[in-house]
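The values are calculated or read from the model by the stated rules, or taken from the named source; none is laboratory data. Small disclaimer: the values here were computed from a predicted structure and weren't measured. Here the Cβ positions follow ideal geometry from the backbone for every residue, glycine too, while neighbour counts run over all protein chains shown. Protein only, heavy atoms only, side chains kept; ligands, DNA and RNA dropped before computing areas. Shrake-Rupley method; radii C 1.70, N 1.55, O 1.52, S 1.80 Å.
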Amino acid sequence: MTSPVASRQVSLADLEPLCARAVRAAGGSPEMAATLATATVGAERRGKSAVGAAHLVDYLDALRDGRLHGGARPRVERPRAAAVRVDADRGTAQLAYDHGAGHLVEAARHCGVAVLSMHSAFPAGELAFYASRTAQQGLVALVCGNSPALMAAYGSRQAVTGTNPLAFALPHSSGPRVFDQASSATAWVRVREAAQRGEPIPPGWGLGPDGEPTTDASAALAGALLPFGGAKGANIAMMIEMLATMSGGTFSLDAAPFDSGSTSPSLGLFIAAIDPTAFDPRYEERIEEHLTRLAAEHGVDVGRRKAPLTEIDLPEDLYQRLAAV
């Protein structure tokens, strides 16, 4: 019988400074620490623990090993009225977004539609971080990011593209409606969690190193994940990669690993922001009425708003890792 994992209750108000201290101790700048802590707490608040505090450890390891530049200074350019180009300087995408978000919002409000294209970034983490913050400015947001090659596609037996996630957010005064999903059958972090627990994964999630289907989580990590829906998921992953790398982000197949070595993956991120009032001043109200009707009459709750968490059960070993500064 498996022994229960020791954990402790941690309020999200306490988690944020804990995470910020851990990032600074690993070599991240105060600015990077603040935005990574905010992103971590945001993921936990939305119940996305796999890309919350547990994923922050990946950033800490990357800072110490040199594949994440702790002193990154993002550079923002405006090559066109509706185009924002951000060089993340081998730092976090969250910090680079903070530097470019004001330009993106201003451009979208002026032009009706604007795009932020980022390059030279560490993997972006939870894409809902970018989508929800953009939507909080009254904008419709579409976010695409690529990752190092982790997923087989189009019949390949090895990883050729990332798990390339996609997020979409709708603005509303009650808070954005957001969905955020990988183009793989499941997120890579969920397979890693299964491997750490010694649990199998469902059929259709991954291939082993030999290119054959497997339910062994560790074998899938050493092999490749599979796209959802076969060629349909692979098509979406490829579309995301073509958008995410628009300003010079590294293609997934060429990107250095995010969890080993000392080389930055230098990935990309694409954020399209649309001001719906440029097309219909009642868009926000009209969409909310429709989504409310779908939920009430058909049980379809798109981008549902859940009561945000205020505290979490943090595994004790993870807490100690973050507190060891």
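Numerical summary
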{"read-out": "Of all residues in the stretch 36-70 being open to solvent by 40 Å² or more (accessible area, probe 1.4 Å) and not in a helix (DSSP H, G or I), the one that is nearest to ALA96 (Cα to Cα)", "value": "HIS69"}
{"read-out": "Candidates GLU77, GLU31, filtered to the one that is open to solvent by 20 Å² or more (accessible area, probe 1.4 Å), part of a strand (DSSP E or B), of a type in the set (D, E, K, R) and farther than 19 Å from PRO308 by Cβ", "value": "GLU77"}
{"read-out": "Answer residue from the stretch 276-296, given it is hydrophobic (A, V, I, L, M, F, W, C) and in contact (Cβ under 8 Å) with a residue 12 or more places away in the chain and is most open to solvent (accessible area, probe 1.4 Å) among those", "value": "PHE279"}
{"read-out": "Qualifying residue in the stretch 310-322 (condition: assigned to a loop (DSSP other than H, G, I, E, B) and open to solvent by less than 60 Å² (accessible area, probe 1.4 Å))", "value": "no"}
{"read-out": "Filter result for ALA185 (farther than 30 Å from ALA101 by Cβ, surrounded by 15 or more Cβ atoms within 10 Å (Cβ to Cβ) and among the small types (Gly, Ala, Ser))", "value": "yes"}
{"read-out": "Unique residue being surrounded by 11 or more Cβ atoms within 10 Å (Cβ to Cβ), out of contact with any Pro (no Cβ under 6 Å at 6 or more places or on another chain) and small (Gly, Ala, Ser) when the list is GLY299, GLY261", "value": "GLY261"}
{"read-out": "Which listed residue is free of Cβ contacts under 8 Å to residues at least 40 places away in the same chain and closer than 16 Å to GLY125 by Cα, from ALA62, ALA33", "value": "ALA33"}
{"read-out": "Conditions (1) under 23 Å from LYS232 (Cβ atoms); (2) open to solvent by 60 Å² or more (accessible area, probe 1.4 Å); number of the one not met by PRO165", "value": "(2)"}
{"read-out": "Output for the stretch 220-238, where each listed residue is assigned to a helix (DSSP H, G or I), open to solvent by 20 Å² or more (accessible area, probe 1.4 Å) and not basic (Lys, Arg)", "value": "LEU221, ALA222, ALA231, ASN235, ILE236, MET238"}
{"read-out": "Condition check for LEU269: crowded, with 17+ Cβ neighbours inside 10 Å, touching a Gly at 6+ places or on another chain (Cβ under 7 Å), among the hydrophobic types (A, V, I, L, M, F, W, C) and not in a loop (DSSP other than H, G, I, E, B)", "value": "yes"}
{"read-out": "Failed criterion for HIS119 (all others in (1) part of a strand (DSSP E or B); (2) open to solvent by less than 10 Å² (accessible area, probe 1.4 Å); (3) of a type outside the set (Phe, Trp, Tyr) hold)", "value": "(2)"}
